[in-house]
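As structure tokens, the structure follows; a few thoughts come after it.
The values are calculated or read from the model by the stated rules, or taken from the named source; none is laboratory data. None of these values were measured; they are calculated from a predicted model. Don't worry about glycine lacking a Cβ; one is built from the backbone with ideal geometry, like all the others, and counts go over all protein chains shown. Only protein heavy atoms, including side chains, enter the accessible area calculation; ligands, DNA and RNA are left aside. Shrake-Rupley method; radii C 1.70, N 1.55, O 1.52, S 1.80 Å.
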Amino acid sequence: MNKPAVSHPLFARFFYLIGPIANKAGGDAHRKELLSGLSGRVIELGAGTGLNFPFYPPTVTEVLAIEPEPFMRKKAIDSARVASVDVKVVDGVDSNLPAENCEYDAAVVSLVLCSVSDPGIALKEIRRVLRVGGELRFYEHIVAEEPRLARLQRRVDILWPYLGGGCHTSRDTVSAIETAGFIISSARRFKFQPSALAIPVSPHVIGTAIKG
Ligand SMILES: C[S@@+](CC[C@H](N)C(=O)[O-])C[C@H]1O[C@@H](n2cnc3c(N)ncnc32)[C@H](O)[C@@H]1O
């Protein structure tokens, strides 16, 4: 059997346990906001255990959910079975999405651009598969605007990826989305800290960017 492109067996199980707790503390509402008003064919990158699936509105006709981590993919497949929209979960990575150019009406990333090796590569590939005028919906934790917290984020970012499945605490994801050529049409920044452990990843953003 081939070695998976992404394998974080311990983190995947930890995330499976804490994901629903974070969702109850506010994540559910964020995911609902993230996906509200979406329609047509959607591609979701790094779908994890499928925590977004219950929140896709009925106007979405199909979701192709990409998940490279084997344990998470298995859980996502279970979640897809009970979703009210058509969700297909497949193996894949950010740098090589299994989709044609301009095929999708929308793309979704949630808590993923912190974890891929190079957000610029992921965003370029997302742009490729989106139609002109298509939407990128994003829900990500990001670098803090306050210098003190940003300093703390940079410090913990040395160790954090080893504990958090490759997650980086201090990425300027909104700038990365703009640099990739998207036009940001909304970006709501807020703090979300379901536990004290989450201080370094508390600054979040939910938004929409358009492929012009
Ligand atoms: C913190 S989890 C978030 C999962 C999910 N998006 C959510 O909102 O609950 C980070 C996800 O990014 C995925 N990921 C990491 N590297 C990736 C890559 N190179 N390509 C695609 N997904 C990747 C992981 O497998 C994992 O599912």
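Some observations on this one:
- Remark: the chain carries a charge dipole of roughly 460 debye about the Cα centre, counting +1 on each Lys and Arg Cβ and -1 on each Asp and Glu Cβ.
- For the chain, relative contact order (Cα pairs under 8 Å, six or more residues apart, normalised by length) works out to 19 percent.
- Isotropic mean projected area of the C-alpha convex hull, the range 64-106 (nm²): 3.4
- Within the accessible area of the chain (1.4 Å probe), percent carbon and sulfur: 58
- Average accessible surface for the range 40-190: 46 Å² per residue, computed with a 1.4 Å probe over protein heavy atoms with every protein chain in place.
- Ordering 65-73, 124-132, 10-18, 167-175 by mean Cβ neighbour count within 10 Å, with the highest value first, yields 65-73, 167-175, 124-132, 10-18.
- Percent antiparallel among DSSP beta bridges (both partners in the chain, rounded to 5): 45
- Amide H contacts under 5 Å for residue 192, placed H, 5+ residues apart: 204
- Unsatisfied cross-links (Cα-Cα over 29 Å) in the set 32/88; 88/211; 88/191; 3/32; 24/211; 32/74: 88/191; 3/32; 24/211
- Simple rule: put +1 on each Lys or Arg Cβ and -1 on each Asp or Glu Cβ in the range 66-137, find the dipole, and look at 107, 87, 97; the Cα lying farthest toward the positive end is 87.
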